[in-house]
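Working notes, structure below.
Values in this text are rule-based calculations from the coordinates and carry no lab data. Treat the numbers as computed from the prediction; the structure is a model and nothing was measured.
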Amino acid sequence: MSVKEQKTFCFQVKVNRDKCKGCQLCIFYCPVGYLVLSSRLNKKGVKFAETKKDNECIGCGFCYLICPDACIEIHGKEQDKEK
């Protein structure tokens with residue numbers, strides 16, 4: 001495989017904001033700071049975790065594993081990487 005044909009993964013994190021209780025464990029354990037506490041409130045009346053707009057998720061899964069209410073999903077997508 002040549003350098004121009006290398007593949008990389010792009011990860012997307014989805015947070016179920018209505019289930020989130022705002023404990024911030026996912027925010028604390030994210031090694032790249034991709035998750036932040038929203039300034040908005042969910043149906044429970046608490047601030048929920050949300051992702052930043054930039055795509056810096058490395059797909060480590062710490063947020064998914066640490067969430068006590070299973071509010072987080074991580075999806076990976078293979079994409080071409082050009083150099």
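Here are a few things to note about the model shown:
- Only Cα pairs under 8 Å and 6+ residues apart enter the sum, and on that basis the relative contact order of the chain stands at 46 percent.
- For the chain, calculated [θ]222 nm from helices alone, where every DSSP H run of n ≥ 4 adds -39500 (n - 2.57): -2500 deg cm²/dmol
- Contact order relative to length of the range 22-63, as percent, for alpha carbon pairs under 8 angstrom and 6 or more apart: 42
- Coordinate range of the alpha-carbon atoms in the range 3-80 per principal axis, descending: 49, 21, 17 Å.
- Filter on Lys21/Lys77; Lys14/Lys47; Lys14/Lys43; Lys43/Lys77; Lys47/Lys77 - keep pairs with C-alpha separation over 22 Å: Lys21/Lys77; Lys43/Lys77; Lys47/Lys77
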